[in-house]
1. Looking only at segment 157-192, which residues are open to solvent by 30 Å² or more (accessible area, probe 1.4 Å), among the polar types (S, T, N, Q) and outside any strand (DSSP E or B)?
2. Pairs, please: C-beta under 9 Å, at least 6 apart or cross-chain, first residue farther than 13 Å from ALA93 by Cα and in segment 149-165, second aliphatic (A, V, I, L, M) and open to solvent by less than 70 Å² (accessible area, probe 1.4 Å)?
3. Kindly provide the set of residues from segment 139-149 that are surrounded by fewer than 16 Cβ atoms within 10 Å (Cβ to Cβ) and either part of a helix (DSSP H, G or I) or β-branched (Val, Ile, Thr) (or both), ordered by number.
4. Within segment 113-123, track down each residue that is in contact with a Gly (Cβ under 6 Å, 6 or more places away or on another chain) and modelled with pLDDT of 90 or more.
5. What are the residues in segment 7-21 that are within 21 Å of LYS79 (Cβ to Cβ) and either small (Gly, Ala, Ser) or out of contact with any strand residue (DSSP E or B) (no Cβ under 6 Å at 6 or more places or on another chain) (or both), if any?
6. If you scan segment 26-58, which residues turn out to be more than 17 Å from GLY77 (Cα to Cα) and charged (D, E, K, R)?
7. Evaluate the following for GLN20: is it open to solvent by 20 Å² or more (accessible area, probe 1.4 Å), at pLDDT 90 or above and under 25 Å from ASP117 (Cα atoms)?
Amino acid sequence: MTVNIILLGPPGAGKGTQAQKLVDDRGMVQLSTGDMLRAARSSGTEMGKRVAEVMDRGELVTDEIVIGLIREKLAEGGKGFIFDGFPRTLAQADALGKLLEETGEKLHSVIELRVDDEALVNRIVKRADEARAAGQPVRPDDTPEVFSDRLREYYKKTAPLLGYYYAKGELQQVDGMASMDNVAAQIEKVLDRQG
C-alpha cells in the first residue's frame, strides 16, 4: 500500500534527513518543490519551459505550475510520496487535496517535527562551529539572528496549516528534538498505523 505524507517542521528540524531515510528504507518518493523546479527547468518539457521562463523573469513560480509538476510526479507512480516544502499556504493545501482526489490518491498523514526553538538555534550554531573547525564552508544563514528570523517566518506561514490539518484529523506530531534514530522510529509508527 502506498502512503502519502507531508513533512512539516522548521528549518533545521531534520525534515531532509528523515525524508531521505524514508526514500532509502521504504522506497518512497520525496517531492521537494525546489528540486522539482530545478529538474523541470532543465528537462526541456513544456512544463519545464514554463518554469524556466518564470524563473528567468525573476518571478515566483505559481501554485498552478507547482501543482502541475506534482501531477506529473504522481503520474510516474511510486511507493508513496513525501511532500516536502509544499504546501506552504492554505490555498496550496486545498489545491494539493483536490489534486490527490483527482488522481485517486489520498493524504495519509501530516507529520510535524516538533522542536524547541532555543535548542534548535543552538543546534544550528553548533553545526556552524563544527563546520568552521573542520575548515568547511558555513551556510550564510547559520547565524543565530538570521536563523531566528527564518524560524519566525516559518511559524507565521505554517501555523494556519497546522490548524487546517489538525481539524481534518491528519496532523501527527513527533518529537523532533530526539535522536535521529528515535525520530525515524516515531515516523515509522505513524506510517505503520496507516497500513
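The values are calculated or read from the model by the stated rules, or taken from the named source; none is laboratory data. In this text the structure is predicted, and so the values were computed from the model without any measurement. Note that each Cβ is placed from the backbone with ideal geometry, even for glycine, and that neighbours are counted across all protein chains shown. Areas reflect the complete protein model, heavy atoms only, side chains present, ligands, DNA and RNA absent. Shrake-Rupley method; radii C 1.70, N 1.55, O 1.52, S 1.80 Å.
1. Of everything in segment 157-192, those that are open to solvent by 30 Å² or more (accessible area, probe 1.4 Å), among the polar types (S, T, N, Q) and outside any strand (DSSP E or B) turn out to be SER179, ASN182, GLN186.
2. If the second residue must be aliphatic (A, V, I, L, M) and open to solvent by less than 70 Å² (accessible area, probe 1.4 Å), the pairs left are LEU151/LEU120; LEU151/VAL121.
3. THR143, PRO144, GLU145, VAL146, SER148, ASP149
4. Within segment 113-123, LEU113, ARG114, VAL115 meet the criteria.
5. GLY16, THR17, GLN18, ALA19, GLN20, LYS21
6. ASP35, ARG38, ARG41, GLU46, LYS49, ARG50, GLU53, ASP56, ARG57
7. Yes, satisfied.
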